[in-house]
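**Q** Structure in structure tokens, see below.
The values are calculated or read from the model by the stated rules, or taken from the named source; none is laboratory data. Because the structure is a prediction, the values reported are computed rather than measured. Positions of Cβ are generated from backbone atoms using ideal geometry, with glycine treated the same way; all protein chains shown enter the neighbour counts. Note: areas computed on protein heavy atoms with side chains; ligands, DNA, RNA excluded. Shrake-Rupley method; radii C 1.70, N 1.55, O 1.52, S 1.80 Å.
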Amino acid sequence: LRMDAMKHVGGPCWSQFFAPGSPGDARTLWTVGEVFDGSVARIAHYLDEVGSPSVFDFPLKFAIVDSIARGARTSRIAELFAQDSQYEDPTLLTVFIDNHDVWRFASEAEAAGVPASEADQRLDVALTLIYAARGIPVVYYGTEIAMRGRGDSYALPIGESSREDMDFAALSNSRFDERLKVLADVRQRFPALRRGAQRTLHSTGSSCQPTASSLDPGADFGDRLYVRGS
């Protein structure tokens, strides 16, 4: 259940809603809270203190768009991952690259001057990242055909928003539906992509050598440590 506009309702209400035995008990209903905010601390508040089973990771979404779609430095993403200690369990976050309220990823790239074919390549990179990163990947409909869109439909002509109907006939000429199937299969096959420790092994201006703590099997998941990426 996507819970819209969670920050516009008081925390005590949500604490009651998510309590054991209540309608939002995570054992019977999985809720993803929409908190449209780029602050890690703010998202962590709703995940860890308010008690939402999951919250959309808007801070990571903004970093991915800035870096991969618009061409900013990839250290933008590394800096975001470096704040994961603010979450009790960052693997509960829902990771995504766009939705109905914001510009679709490929449109963000094109608006930054990227040619259409390269925008599709960058979309592929972004999808690969969210399937490999900590958290739960969620893909907005239309990504299977690399749909474009410039956000909310209220002030846009028909055909230009992020809320257009899915053209299922376009699947026959798209490679992204097959690509998403491959990413899902790989995530299922390798435990590191589902529950591995998130480690940044290299970022611009830093050493390639990971810290000693990142190599300690007891630091994360008991007697066995899975590390994402290399």
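**Q** Do we find that residue 107 is out of contact with any Ser or Thr (no Cβ under 7 Å at 6 or more places or on another chain), among the small types (Gly, Ala, Ser) and in contact (Cβ under 8 Å) with a residue 24 or more places away in the chain in this structure?
**A** Against the criterion (out of contact with any Ser or Thr (no Cβ under 7 Å at 6 or more places or on another chain), among the small types (Gly, Ala, Ser) and in contact (Cβ under 8 Å) with a residue 24 or more places away in the chain), residue 107 qualifies.
**Q** For segment 1-100, list the helices (runs of 4 or more DSSP H) that sit wholly inside it and hold at least 2 residues that are within 25 Å of residue 144 (Cβ to Cβ) and open to solvent by less than 30 Å² (accessible area, probe 1.4 Å); which are they?
**A** Answer list for segment 1-100: 58-64.
**Q** Within segment 33-67, how many residues turn out to be at pLDDT below 95 and among the β-branched types (Val, Ile, Thr)?
**A** The number of residues fulfilling the criteria is 1.
**Q** Looking at segment 152-173 only, could you name the residues that are buried (at least 19 other Cβ atoms within 10 Å of the Cβ) and either among the aliphatic types (A, V, I, L, M) or within 18 Å of the chain's Cα centre (by Cα) (or both)?
**A** 162
**Q** Within segment 125-151, count every residue that is in a helix (DSSP H, G or I) and open to solvent by 10 Å² or more (accessible area, probe 1.4 Å).
**A** Here the count works out to 7.
**Q** Further question: Of the residues 122, 163, which is closer than 27 Å to residue 71 by Cβ and part of a helix (DSSP H, G or I)?
**A** Result of the check over 122, 163: 122.
**Q** For segment 74-119, enumerate the residues that are touching a strand residue (DSSP E or B) at 6+ places or on another chain (Cβ under 6 Å), more than 20 Å from residue 193 (Cβ to Cβ) and not aromatic (Phe, Trp, Tyr).
**A** Correct list: 107 only.
**Q** Consider segment 101-124. How many of its residues are open to solvent by 50 Å² or more (accessible area, probe 1.4 Å) and at negative phi?
**A** 10
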